[in-house]
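Inspection log for the structure reproduced underneath, given as C-alpha cells.
Nothing in this text is a laboratory measurement; each read-out follows from the coordinates by a stated rule. Computed from a prediction, not measured in an experiment: that's the story for all the values here. Quick reminder, even Gly has a Cβ in these numbers, built from the backbone with ideal geometry, and neighbours come from all protein chains shown.
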Amino acid sequence: MTQKLLHTCYRIKDREASLKFYTETFDFKVMRDRRFPEHNFDLIYLQVPGSDFELELTYNYDSEGYTIGDGFSHMAIGVDDLQAQHEKCKAAGYETTELKGLPGQKASYFFVSDPDGFRLEVMENKNLAV
C-alpha cells in the first residue's frame with residue numbers, strides 16, 4: 001500500500017500576517033484558498049516549489065488565537081542560502097534565533113516563529129542531515 005504525507009494544519013488568528021510570513025519571508029505559494037464565510041472559516045493551502053507537501057492554514061473568523069501544545073516543536077524547511085534567509089527573517093522582525101549547530105558541529109540551522117508562534121526550523125539544503 002502506498003502512503004503519502006499530505007499536509008499539516010495550523011490554526012491561525014491573522015490571515016494576512018500568516019500569508020505574509022509564508023509567502024514573502026519564505027517562498028510558499030498559495031495553491032488553494034477556500035473561503036466559507038457562511039461557516040466563518042477559510043482554508044488556505046500552501047506549498048514550497050518542488051514539494052507536494054502542503055501547509056494548511058485554517059483561519060476561523062471569530063478566534064482570538066490558539067495555544068500551541070507543549071508536545072509540538074516545529075516544522076522544518078530547507079533553503080539554498082541559510083545566512084541570507086537568517087538575515088531576511090531578522091530584518092522582517094520575526095522572532096529568530098541565532099544560527100545553531102549540534103554539539104561539536106558548525107552552525108547549520110536556526111528557528112524562526114511565525115505570527116502565531118509556530119516555529120520553523122530553517123536548514124541549508126546541502127546540510128539536511130541534522
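Helices in the chain, meaning DSSP H runs of at least 4 residues, each add -39500 (n - 2.57). Divided by all residues, the mean residue ellipticity at 222 nm is -3500 deg cm²/dmol. Name the residue from 123, 18, 71 whose Cα lies farthest towards the positive end of the charge dipole of the chain, charges +1 on Cβ of Lys and Arg and -1 on Cβ of Asp and Glu. Of the options given, the answer is 123.
Scaled against the 2.2 N^0.38 Å expected of a compact globular protein of N residues, the Cα radius of gyration of region 15-81 reads 1.23.
For the listed residue pairs 13/100; 13/126; 88/126, the alpha carbons are over 27 angstrom apart in 13/100; 13/126. Note that the chain carries a Kirkwood radius of 15.8 Å, evaluated over its alpha carbons pair by pair.
Based on Cβ point charges of +1 for Lys and Arg and -1 for Asp and Glu, what charge dipole magnitude is obtained for the chain about its Cα centre, in debye rounded to the nearest 20?
Taking the Cα centre of the chain as origin, the dipole is about 280 debye.
Seen against the Cα atoms of the chain and their longest principal axis, helix 82-91 is set at about 50 degrees. For region 37-76, the list of GluC sites (Glu not before Pro) that fall in a loop by DSSP and count at most 13 other C-beta atoms within 10 angstrom reads 64.
In straight-distance terms, cross-link reach from residue 106 covers every one of the aspartates and glutamates whose alpha-carbon lies under 20 Å from its own, apart from those fewer than eight places away in the same chain; here that gives 80, 81, 87, 98, 121, 124. Amide H contacts of residue 76 (H built 1.01 Å from N, in plane; Pro and chain starts excluded): 121 sit under 5 Å, all sequence-distant by 5 or more or on other chains.
Antiparallel beta bridges, as assigned by DSSP with both residues in the chain, represent about 60 percent of the total such bridges.
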